[in-house]
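Read-outs throughout are calculated quantities, based only on the coordinates presented, and are distinct from any laboratory measurement. Being a predicted model, the structure only gives us computed values, none of them experimental. In this analysis, Cβ positions are derived from the backbone assuming ideal geometry, glycine residues included, and neighbour counts consider all displayed protein chains.
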């Protein structure tokens, strides 16, 4: 019987085969195979857990090999597979004759406590042909997103004999051991993973039903949600930047099952549970503080973990007070914005994490925040304002499709009722998304913001007269080639909201208006 563990390296990770050899000699336990200190420490945890659970620890020299031997191993998730393989080698447990994945950390009394990365471990094992999985009871919630194979939750290693015996005889365990179901054994024990995040909790229940006085901003955000375009919101304090960004997720359509599983796997690698249940499918929302480090935002560390941009995969990343973020942190966003993933180099290894997120940045109009507020006076010099906006950097700004200036609404506008209901906004976005999914079904149903140059030519063509006008306007505003492509993709989204196959003059003019500010030396829109 082969017992496998899991090493979370990057998004996919690697399976590690646990081999045990018992031989005569002075009783001792040796672990080979590039095991880090955290793995070597499992020798004593496993020994104590086995003895305190009613089993006899072998009075032999125990050699444990972690294969492949050239792969560094870290963490405490090797405890359960090592204990299982030792008990099988000593004859204390039956050999079921089937390969099995086991992950979990042991306490000294034999309880199995949850670990991070259980869902990615199951996905990797399933893709490698393994159909039997043993995970801590506390990880069953996220592990339940893996639909294939047989999943067993365990809270104490004394439950191992009944599990392996059932596997060997092909019998149900209780009345729940079926293909693709969860067998629950006893109460959950030990520590659990963190459920949800503060950012996601902050936007639950928020929508645009209470957003008054800025219908043009709501329209722009509907365009952004329909095509997954990146957005910069700029304006003085009180203009509604943060309020609009926190309500933006309410416009986004639900994730399909495969996307939700991918997001849940990334969250699992950070020790968090995505959604309240295996059926949770809302796009994730992440809003890191401006003091976030480069490692915290893009990922890395030891052991390597995904950063906030990966937790926002398939969802929204919101950077409030964007110019206050470190310049190296902001510039690190350029690669994932283009590629939809991030590569982290650590000790000669390249670890890849998905990071296909939609970005919303919010910034004051100037360092003091009063520029653009008719009731206050800005004391910032033009040089100070230019330095403030240059913190974002031209290359990053060039990747932002929409730049939306906001002003403080007057007292009359604040009490005005919204033009659209929340249901109407969601319906508009859903209809435009459906058009894009159908048009781009050959390429996985990508959004307009991800159209490549050849597909821009195919789907975003202009009539000859509009082409001439667009070239003149682009030259006047100093648009780069990327900016021109952004305008065409935006125009395509505006036309999709109309249900039109053709980009007309109004759609192009609206798209240019969203891109007009923030290019060249025009860093502020006031």
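General remarks:
- Both radii come from the Cα set of the stretch 223-331: Rg as radius of gyration, Rh as Kirkwood radius; their ratio Rg/Rh reads 0.98.
- The stretch 200-434 - Rg over Rh from alpha carbon coordinates, Kirkwood radius: 0.98
- Report note on the peptides 291-298, 159-166: ranked by the mean count of other C-beta atoms within 10 Å, highest first, their order is 159-166, 291-298.
- When the Cα gyration tensor is reduced to axis lengths a ≥ b ≥ c, the ratio a/c is 1.5 or higher for the stretch 3-183, and with a/b not above b/c it is classed as oblate.
- For the stretch 457-496: span of alpha carbons on each principal axis (Å, largest first): 27, 21, 16
- Over 39 Å [Cα-Cα, the chain], rounded percent: 37 percent
- Every helix of 4 or more DSSP H residues in the chain counts as -39500 (n - 2.57), and over all residues that averages to -10500 deg cm²/dmol at 222 nm.
- Report note on the peptides 18-27, 482-491, 431-440: ranked by the mean count of other C-beta atoms within 10 Å, highest first, their order is 482-491, 431-440, 18-27.
- Residue order, fewest to most beta carbons within 10 Å, for 95, 79: 95, 79
- Ordered from longest to shortest, the equivalent ellipsoid semi-axes for the stretch 380-483 are 30, 26, 16 Å, each the square root of 5 times a Cα gyration tensor eigenvalue.
- Relative to the dominant Cα principal axis of the chain, helix 257-269 is inclined by about 70°.
- Put in line by how crowded their Cβ is, counting other Cβ atoms within 10 Å and starting with the fewest, 234, 343, 56 read 56, 343, 234.
- If R0 is taken as 60 Å, the Cβ-Cβ distance between residue 131 and residue 481 corresponds to a FRET efficiency of 0.75.
- Computed from Cα atoms, the angle from the helix 160-169 axis to the main principal axis of the chain rounds to 90 degrees.
- Sorted by Cβ neighbour density within 10 Å, fewest at the top, the residues 501, 496, 398, 356: 501, 398, 356, 496
- Cα-based helix-to-principal-axis angle, 215-227 vs the chain, degrees rounded to 10: 50 degrees
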